[in-house]
Amino acid sequence: MKLLLTYADKISYTPKVKNLEWAEDKTQTKTFEDILVAFIHVEEKDMENPKKTETNLVKNLKWAARKNETKKILLHSFAHLSESKATPEFTKDLLDKVEQRLNNADYQAYQSPFGYFLDISMDWPGRSLARVFKSF
C-alpha cells in the first residue's frame, strides 16, 4: 500500500468523469475543513492479507490525524502511486471497512466518490507533518 497523507485547511471536490460502470452516480460538490486527506493506493499484494492491510491503514490514518490535531479523515482512492494495483472491488470494500472502523473509533470519516476522476481544490498549510508519504 502507498499512502499520501495530507492535512487540508480546506478541500473541495466535484465528480467529473465516471471511470467505473458499477460506481454509484455522484454529481454533488463537497467541501470539508480541518481534515486529513488520505490518497490511498491499494496494491495487489495487499489482497493477500486483507485484515492486516485494513489494520495497518487504520493505524496510519489515526496517527496522521493525531499529528495534525483533527478527527476528520477523507479517504480518497488514488491508484497512481504504484504500478501494482488491487482490484477495484477489493479497494472499495477495504475503504468501506476502514471508514466504518474510523467512525466507530470517534473519528469522522468520509470517502470521496469511488470510481470517478474529480476536480479538486485544496488549501494546504506549510507545516511539519501536513504531507507524509507511507509505504507498507
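The values are calculated or read from the model by the stated rules, or taken from the named source; none is laboratory data. Note that the structure is a prediction, hence the values are computed from the model and not measured. We place every Cβ from the backbone using ideal geometry, glycine too, and count neighbours over all the protein chains shown.
Inside the stretch 43-62, residues that are without any contact (Cβ under 8 Å) to a residue 24 or more places away in the chain and not in a helix (DSSP H, G or I) make up a count of 2.
For the stretch 20-27, check the following and say yes or no: at least one residue is out of contact with any Ser or Thr (no Cβ under 7 Å at 6 or more places or on another chain), assigned to a strand (DSSP E or B), in contact (Cβ under 8 Å) with a residue 24 or more places away in the chain and under 24 Å from SER82 (Cβ atoms). No, there is no match, as no residue in the stretch 20-27 is out of contact with any Ser or Thr (no Cβ under 7 Å at 6 or more places or on another chain), assigned to a strand (DSSP E or B), in contact (Cβ under 8 Å) with a residue 24 or more places away in the chain and under 24 Å from SER82 (Cβ atoms).
Before we move on, is GLU54 under 17 Å from LEU3 (Cα atoms), among the acidic types (Asp, Glu), under 14 Å from the mean Cα position of the chain (by Cα) and surrounded by 13 or more Cβ atoms within 10 Å (Cβ to Cβ)?
Working: under 17 Å from LEU3 (Cα atoms): yes; among the acidic types (Asp, Glu): yes; under 14 Å from the mean Cα position of the chain (by Cα): yes; surrounded by 13 or more Cβ atoms within 10 Å (Cβ to Cβ): yes.
When the stated conditions are applied, GLU54 passes them.
Being part of a helix (DSSP H, G or I), modelled with pLDDT of 95 or more and not aromatic (Phe, Trp, Tyr), is that true of even one residue in the stretch 103-122? Taking every residue of the stretch 103-122 in turn, at least one turns out to be part of a helix (DSSP H, G or I), modelled with pLDDT of 95 or more and not aromatic (Phe, Trp, Tyr). Restricting LYS92, LYS85, LYS2, LYS67 to those that are among the charged types (D, E, K, R), farther than 17 Å from ASP123 by Cβ, in contact with a helix residue (DSSP H, G or I) (Cβ under 7 Å, 6 or more places away or on another chain) and in contact (Cβ under 8 Å) with a residue 12 or more places away in the chain reduces the list to LYS85.
Considering only the stretch 30-48, I want to know if a residue exists there that is in contact with an Asp or Glu (Cβ under 7 Å, 6 or more places away or on another chain), closer than 19 Å to LYS2 by Cβ and β-branched (Val, Ile, Thr). Within the stretch 30-48 (the criterion being in contact with an Asp or Glu (Cβ under 7 Å, 6 or more places away or on another chain), closer than 19 Å to LYS2 by Cβ and β-branched (Val, Ile, Thr)), the answer is no, since none of the residues qualifies.
Can you pull out every residue in the stretch 71-98 that is among the charged types (D, E, K, R) and either more than 18 Å from LEU20 (Cβ to Cβ) or touching a Pro at 6+ places or on another chain (Cβ under 7 Å) (or both)?
Let us first name the residues in the stretch 71-98 that are among the charged types (D, E, K, R), namely 71-72, 83, 85, 89, 92-93, 96-97.
Residues satisfying the conditions are LYS71, LYS72, GLU83, LYS97.
Residue pairs whose Cβ atoms lie under 7 Å apart, sitting 6 or more positions apart in sequence or on different chains, and linking a residue in the stretch 102-113 that is among the polar types (S, T, N, Q) to a partner that is not in a strand (DSSP E or B), are GLN108/LYS71; GLN111/LEU95; GLN111/GLU99. Here's a check for you: in the stretch 63-80, which residue that is crowded, with 16+ Cβ neighbours inside 10 Å and assigned to a loop (DSSP other than H, G, I, E, B) is nearest to the chain's Cα centre (by Cα)? Once the filter is applied, the top-ranked residue is PHE78.
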